[in-house]
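Trainee: Submitted below is the structure of interest, expressed as C-alpha cells.
The values are calculated or read from the model by the stated rules, or taken from the named source; none is laboratory data. Small disclaimer: the values here were computed from a predicted structure and weren't measured. Cβ sites come from the backbone with ideal geometry, for glycine too, and all protein chains shown count toward neighbours. In case anyone asks, the SASA skips ligands and DNA or RNA and just uses the protein heavy atoms, side chains included. Shrake-Rupley method; radii C 1.70, N 1.55, O 1.52, S 1.80 Å.
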Amino acid sequence: MNRKRHRLVPEAFGQKRRREGGDVEADPLRGESGSARAAVAELLRLFPRVLFEDALPPIALRSQVYSLVPDRTVADRQLVRGVRATDRRRFRALRALTRFSPSLTRSTSYSAIQQALGLSGPGVQSIAEHLTLTPFFSLSSLWRQKALQEQGEIRIIQLGFDSDAQGIIFTEDYRTRVLKACDGRPYAGAVQKFLASVLPACSDLSFQQDQMIQTFGFRDPEITQLVNAGVLTVRDAGSWWLAVPGAGRFIKCFVKGRQAVLGMVRKAKYRELLLSELLGRRAPAAARLGLAYHVHDLIGAQLVDCVSTTSGTLLRLPET
C-alpha cells in the first residue's frame, strides 16, 4: 500500500529519490530554476483538460506560482512587471559595475561591490540583490528583460471569486479556445476584431470605455457583443475585465475543490498533514481538478503553512 501511494505523488512536487550512495533530498515545493515561466508551464500541465471537454484553455492561478517560486518579488517581476529603470541611482551604479568588472557574479560579496563602486549602505545590498537574478550578471541582458505579460506570452484574468484571485493563461491557448467557443455565433466578428486588434496591443487586465472606442475603434454594440461572448465581463460602469468564455465552470470546481482539500488538512490530527501523505490519499469527489493542483493553491495562497521536518514537508493550518 505504501509503495502504491508513493507512486501517486506527482512529479511536479519533486519527490525524494533513492540513488546509489545515499538519499538525495529535493525541495518538493520549489521550481528547479526559480523560473516563473517554467512554474506556469508545470501548473498548466496539471490542469484537467478532459474535465471541461477541452473547451477551456488551461488555467493556473497566480497564487499557485508562488508555491514553486517562493520569492514573490521575483515571481511578480517575471510575470507582470519586468525589470525597469525606476531607480536612477541604482541604474548608474549597475552600469558602473559592469564597466568596472563584467566578471562579477552572484557570489560577489557586498564588500567587493562596495570597493568596486565606492558605495556604502542600502545601495550596496540592492545591487547585490540584482546580481542574484542571473548566474553571471549582464546589465544589457537584465535591463532588456520583460515580464511574460509584457511580452504577450501570457494573459492574466480576474477570476472574480476573490479580489486577489487571478488566472494565468498562455496567450495562444486563450486565442485558440476563444475562437473555437465563438465560431458561428452572431458575435464572432466582434470577437475576431478584439483578438486581432486589442489582444496584441494591450496586456492589461481590464479595459476602459474610452480606450475601447477611441483607441481600438469599437462601438457600444460591439462591446456588448464581447460581454455576451464572455470575452469581457463588467468591472464597473465603463470598465471591463478580460475573461474566458465558460470560465464559470472552472471557478465553481476550483472553489469547491479548495474547500475540500483544505478540509482534509483541517480534519487531520493537530490540523497538520505531511505533503506526501496528502498527495497519496484518494482525492475527495469535490476536488475534480486534482489534489496536486489544489495543494499548489493552498501553499501559494498561504492557506496552509509549510514546515520542514525530517519526514518531509508538513502542511499545517495557520493559527487563528
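Trainee: Considering only residues that are in a strand (DSSP E or B) and charged (D, E, K, R), look in the stretch 283-319 and name the one that is surrounded by the most Cβ atoms within 10 Å (Cβ to Cβ).
Mentor: The extreme case among them is Arg316.
Trainee: Right, here's the next one. Within the stretch 170-197, restricting attention to residues that are open to solvent by less than 60 Å² (accessible area, probe 1.4 Å) and outside any helix (DSSP H, G or I), which residue is farthest from Leu148 (Cα to Cα)?
Mentor: Filtering first and then ranking leaves Tyr187.
Trainee: Being among the hydroxyl-bearing types (Ser, Thr, Tyr), open to solvent by 70 Å² or more (accessible area, probe 1.4 Å) and modelled with pLDDT under 95 is the requirement here; does Ser120 meet it? If you could, list the steps in order and put the result at the bottom.
Mentor: Numbers: among the hydroxyl-bearing types (Ser, Thr, Tyr): yes; open to solvent by 70 Å² or more (accessible area, probe 1.4 Å): yes; modelled with pLDDT under 95: yes.
Taking the combined requirement at face value, the residue satisfies it.
Trainee: Checking the structure you have, find out if any residue of the stretch 213-225 is surrounded by 15 or more Cβ atoms within 10 Å (Cβ to Cβ), at pLDDT 95 or above, within 25 Å of Phe52 (Cβ to Cβ) and of a type outside the set (D, E, K, R).
Mentor: yes
Trainee: Suppose the filter is in contact with a Phe, Trp or Tyr (Cβ under 6 Å, 6 or more places away or on another chain), within 16 Å of Ala165 (Cα to Cα) and of a type in the set (D, E, K, R); does Arg258 pass it?
Mentor: Judged against the criteria, Arg258 is not a match.
Trainee: Quick test of your reading of the structure: Tyr187 fulfils all but one of (1) over 30 Å from Ala39 (Cβ atoms); (2) free of Cβ contacts under 8 Å to residues at least 40 places away in the same chain. Name the failing condition by number.
Mentor: Failing condition for Tyr187: (2).
Trainee: Still on this structure, please answer the following. Given the condition open to solvent by less than 70 Å² (accessible area, probe 1.4 Å), under 30 Å from Phe52 (Cβ atoms) and part of a loop (DSSP other than H, G, I, E, B), answer yes or no: does some residue in the stretch 265-282 qualify?
Mentor: Among the residues of the stretch 265-282, not one is open to solvent by less than 70 Å² (accessible area, probe 1.4 Å), under 30 Å from Phe52 (Cβ atoms) and part of a loop (DSSP other than H, G, I, E, B), which makes the answer no.
Trainee: Hey, another quick one. Which condition number does Arg235 fail, the rest of (1) more than 20 Å from Phe52 (Cβ to Cβ); (2) within 23 Å of the chain's Cα centre (by Cα); (3) outside the structural domain of Phe218 (by the TED database); (4) open to solvent by 70 Å² or more (accessible area, probe 1.4 Å) being met?
Mentor: Here Arg235 meets the rest and fails (3).
Trainee: Out of the residues in the stretch 238-264 meeting the condition of being of a type in the set (Gly, Ala, Ser) and open to solvent by less than 20 Å² (accessible area, probe 1.4 Å), tell me which one is farthest from Leu199 (Cα to Cα). Talk me through it step by step, then tell me what you get.
Mentor: If we filter the stretch 238-264 for residues that are of a type in the set (Gly, Ala, Ser), which is where we start, we get 238-239, 243, 246-248, 257, 260, 263.
With the extra rule that they be open to solvent by less than 20 Å² (accessible area, probe 1.4 Å), the set shrinks to 239, 243, 247, 257, 263.
Working: Ser239: 16, Ala243: 12, Ala247: 18, Gly257: 31, Gly263: 39 Å.
Per the criteria, the residue is Gly263.
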